[in-house]
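What follows is a short report on a single structure.
The values are calculated or read from the model by the stated rules, or taken from the named source; none is laboratory data. This structure is a prediction, so every number in the text was calculated from the model and none was measured. We place every Cβ from the backbone using ideal geometry, glycine too, and count neighbours over all the protein chains shown. We work out accessible area using only protein heavy atoms, side chains counted, and drop any ligands, DNA or RNA first. Shrake-Rupley method; radii C 1.70, N 1.55, O 1.52, S 1.80 Å.
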Amino acid sequence: MGKSRTKRFKRPQFSPTGDCQAEAAAANGTEPEEDDGPAAELLEKLQHPSAEVRECACAGLARLVQQRPALPGLARRDAVRRLGPLLLDPSLAVRETAAGALRNLSACGGFEVCDDMVTKDIMTPLVALLKECSTGLDSNEMSPQETKDQNRNSIENIANEVVNVLWNICECSSRAVSIFNKEGCLEIVLKYLSRFSTNVDLAISVAYCLQTVTEDNPELLKSFSAPALHVLESAMLSPVSSMEYILLKTLVAGTIWNLKDIIPSKSQAEIINAILKILSEVLEMDAGEMVIQMKETETQRMKTAAQTEDTLQNVNGDDLIEDDEMEEIPHRRKVRRKTFISDLLPPTDKELRETIALLTAQQTALEIIVNMCCSEDPTDDEWEELSSSDESDAFMENSLSECGGQLLSPLCLSHEVHTALTNYLIPKKIFEKTAFPNSIAVDVCSRNPSWKPLIRKMSTIQCRALVCLQSLVSLLDVDHLGGPAALQTLAQHLSQLLFSQPDFAKHVDFLEAISSALRALLQTVASKNIPQTIGCFLLEVATKDPSLVVAGEALDALFDVFADGKEAERASVQIKLLSALKEFQPVFKMKIRKEGRAKYSPDQLCVLDNVKMNLRRFVAYQETVEKRLTT
């Protein structure tokens with residue numbers, strides 16, 4: 001069995017106009033039928049001579065591709081090849097909406113769709129547009145100020161969409177990563193990243209993309225020069241403390257970690273400390289309290305805005321303000337622009353965006369720590385399974401200009417990482433994140449549709465923390481984890497998590513994460529001859545709890561934790577697991593027979609029957625173990 005393995009996390013994909021709608025549509029019974037009607041009409045309008053019509057068609061496709069049943073019809077009608085040329089449309093608005101449609105398609109379509117997009121040569125117009133945006137931003141600097149601002153905003157918006165499409169496709173296709181390398185895209189996206197002080201949204205998109213393309217990509221690492229590393233360093237060390245900048249710095253920290261093989265030996269300890277300092281600061285923040293505070297701020301701001309609008313309407317006697325500035329629409333008469341009062345108010349989702357940024361930063365920070373721990377085990381085949389590139393982990397014999405041609409050695413994790421993890425109290429902060437989400441924050445989110453998805457994000461953070469905890473327990477010395485007493489407290493905490501919140505415990509991700517953390521803790525405790533808190537607690541719950549459902553969950557946890565491995569075998573003998581289970585086995589069978597149909601649903605009875613069968617098998621396995629150990 002050896003050490004428990006942890007999975008290497010990949011970045012999540014994002015849709016600009018919301019998450020894919022298939023699950024919600026299915027739940028509401030509103031999923032669209034397999035009808036190519038809307039798709040055919042929208043695709044036909046992509047060829048319309050009017051730029052406005054083409055733009056509307058792209059916007060319609062951006063919404064349509066979020067409905068999974070619509071994807072086969074779009075594929076049959078070759079939507080990718082018909083959208084591709086519009087990336088280079090004469091109209092900037094059409095370019096932006098076409099890129100937005102492709103962004104949603106790549107985010108919602110998954111690996112197969114992204115791979116098909118590469119096959120259909122979407123990378124050619126995509127890279128061309130990426131380069132045009134870069135050139136456009138450079139030439140725009142010579143324009144008059146007002147024109148400069150308008151053009152910059154349009155070009156940066158297009159660049160943001162393009163970078164997101166690149167990120168999604170490169171996440172799914174090694175061929176796309178290879179094209180990214182060969183076409184010199186790195187220099188361009190780094191130029192966009194350098195604008196982080198004026199456009200943090202674009203910088204965040206670039207950081208996501210960079211974190212993906214720098215992972216297991218030795219070829220790209222050769223392209224990183226000292227100035228390129230300086231751009232990353234400037235973004236990572238930005239003094240701005242808004243939630244968006246915290247997310248940006250976290251993502252850049254992950255990218256810099258991916259570049260560890262080209263960091264000069266003399267700078268390794270300093271870089272590791274800088275990365276873990278950022279991750280520590282992110283994990284220090286109380287996300288539950290942030291949710292509560294931000295929702296209160298949003299409520300108060302919207303209330304004040306509504307009062308202000310009412311006041312202005314009463315004063316003006318109308319809900320429109322007429323602006324003396326005239327605006328010309330091509331091929332049409334001049335019209336007087338009318339501005340609604342609501343247009344003058346700040347975006348209504350400001351607090352929500354800030355909160356999502358923090359939750360995403362915390363999830364990302366935990367994933368980076370897991371990946372840092374994974375890199376100590378180069379034999380872990382799960383790295384290869386989830387790799388974003390077909391390139392091997394060959395040692396990079398590259399040198400930076402500042403190193404004077406000196407060959408760089410691989411990063412030695414054992415000392416620097418372990419020391420920094422301990423210095424920044426990372427284990428303690430991760431332990432705190434393993435608790436269930438703040439109940440008040442969950443309640444606040446559940447009562448507002450736009451905030452409700454945050455409940456899932458908070459639960460994901462808990463699962464990532466459990467996986468992270470598994471890694472730390474497997475790798476760090478007992479003293480770095482707080483000593484034997486701290487491990488026993490941790491064992492009790494994890495065991496109680498299994499049964500304290502049954503609604504959350506139904507989630508497969510949670511059960512997998514906490515079982516892995518318990519297993520890793522068991523191995524550490526057994527190898528150090530520390531008294532078994534874990535097994536004793538689970539055994540007591542299984543044999544003493546009046547609920548068969550709870551007892552069944554405890555038995556399942558016992559089967560998982562004591563499944564195999566020398567440490568588990570020694571621990572099972574230490575707590576006399578076999579004799580306890582043999583004594584409990586007939587009691588469990590009898591309770592199912594007597595209480596089952598009266599107290600439990602058919603689904604619960606099905607689960608209990610499986611537990612009963614697994615208990616019989618596990619007892620037989622434990623008899624074999626005990627016989628082997630005593631002979």
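All conditions in (1) buried (at least 16 other Cβ atoms within 10 Å of the Cβ); (2) touching a Cys at 6+ places or on another chain (Cβ under 9 Å) hold for Glu512, with the sole exception of (1). Just a yes or no: is a residue in the range 338-350 loosely packed, with under 15 Cβ neighbours inside 10 Å and modelled with pLDDT of 70 or more? The answer is yes, given that some residue of the range 338-350 is loosely packed, with under 15 Cβ neighbours inside 10 Å and modelled with pLDDT of 70 or more. Any residue in the range 28-37 that is more than 21 Å from Leu126 (Cα to Cα), modelled with pLDDT under 90 and open to solvent by less than 30 Å² (accessible area, probe 1.4 Å)? Looking through the range 28-37, none of the residues is more than 21 Å from Leu126 (Cα to Cα), modelled with pLDDT under 90 and open to solvent by less than 30 Å² (accessible area, probe 1.4 Å).
Here the range 587-613 is the region considered, the condition is being open to solvent by less than 70 Å² (accessible area, probe 1.4 Å) and among the hydrophobic types (A, V, I, L, M, F, W, C), and the residue that is farthest from Val550 (Cα to Cα) is Met613.
Among the residues of the range 564-571, is there at least one that is in contact with a helix residue (DSSP H, G or I) (Cβ under 6 Å, 6 or more places away or on another chain) and open to solvent by 80 Å² or more (accessible area, probe 1.4 Å)? Yes, the conditions are met somewhere in the range 564-571. Taking (1) among the polar types (S, T, N, Q); (2) open to solvent by 50 Å² or more (accessible area, probe 1.4 Å); (3) touching a residue at least 24 places away in the same chain (Cβ under 8 Å) in turn, Ser280 satisfies each apart from (2). Which residue is nearest to Leu190 (Cα to Cα), if the candidates are limited to the range 116-139 and must be among the charged types (D, E, K, R) and part of a helix (DSSP H, G or I)? Once the filter is applied, the top-ranked residue is Lys131.
On inspection, Lys131 fails the criterion of being more than 27 Å from the chain's Cα centre (by Cα), of a type outside the set (Gly, Ala, Ser) and over 19 Å from Leu88 (Cα atoms). On the given criteria, is Phe224 among the aromatic types (Phe, Trp, Tyr), open to solvent by 10 Å² or more (accessible area, probe 1.4 Å) and not in a helix (DSSP H, G or I)? Judged against the criteria, Phe224 is not a match. Note on the range 106-126: residues that are open to solvent by 10 Å² or more (accessible area, probe 1.4 Å) and not small (Gly, Ala, Ser) amount to 11. Here Thr299 does not qualify as open to solvent by 10 Å² or more (accessible area, probe 1.4 Å), part of a loop (DSSP other than H, G, I, E, B) and modelled with pLDDT under 95. For the range 614-628, the count of residues that are open to solvent by 20 Å² or more (accessible area, probe 1.4 Å), aliphatic (A, V, I, L, M) and in a helix (DSSP H, G or I) is nonzero. Restricting attention to the range 148-178, the residues that are surrounded by fewer than 19 Cβ atoms within 10 Å (Cβ to Cβ) and under 22 Å from Val113 (Cα atoms) total 2. When residues of the range 262-276 are filtered for being in contact (Cβ under 8 Å) with a residue 24 or more places away in the chain and open to solvent by 40 Å² or more (accessible area, probe 1.4 Å), how many remain? Residues flagged as in contact (Cβ under 8 Å) with a residue 24 or more places away in the chain and open to solvent by 40 Å² or more (accessible area, probe 1.4 Å) within the range 262-276 amount to 3. Pairs meeting the criteria (first residue in the range 445-474 and over 30 Å from Thr297 (Cβ atoms) and in contact (Cβ under 8 Å) with a residue 12 or more places away in the chain, second residue open to solvent by 10 Å² or more (accessible area, probe 1.4 Å) and of a type in the set (Gly, Ala, Ser), beta carbons under 6 Å, at least 6 apart or on different chains) are Gln470/Ser4; Gln470/Ser516; Ser474/Ser4. Among the residues of the range 199-212, some residue qualifies, meaning at least one is open to solvent by less than 10 Å² (accessible area, probe 1.4 Å), among the β-branched types (Val, Ile, Thr) and in a helix (DSSP H, G or I).
Return a yes/no flag: does the range 70-83 have any residue that is open to solvent by 10 Å² or more (accessible area, probe 1.4 Å), touching an Asp or Glu at 6+ places or on another chain (Cβ under 6 Å) and not small (Gly, Ala, Ser). Taking every residue of the range 70-83 in turn, none turns out to be open to solvent by 10 Å² or more (accessible area, probe 1.4 Å), touching an Asp or Glu at 6+ places or on another chain (Cβ under 6 Å) and not small (Gly, Ala, Ser). Of the residues making up the range 522-553, those that are in a loop (DSSP other than H, G, I, E, B) and either polar (S, T, N, Q) or under 26 Å from Ser474 (Cα atoms) (or both) number 7.
Contact map, the range 291-307: residues that are on the phi < 0 side of the Ramachandran plot and among the charged types (D, E, K, R) paired with residues that are in a helix (DSSP H, G or I) and open to solvent by 80 Å² or more (accessible area, probe 1.4 Å), Cβ distance under 9 Å, separation 6+ or inter-chain. Pairs shown: Glu298/Lys350; Arg301/Lys350. Among residues of the range 443-469 being assigned to a helix (DSSP H, G or I) and of a type in the set (Lys, Arg), the one that is surrounded by the most Cβ atoms within 10 Å (Cβ to Cβ) is Arg464.
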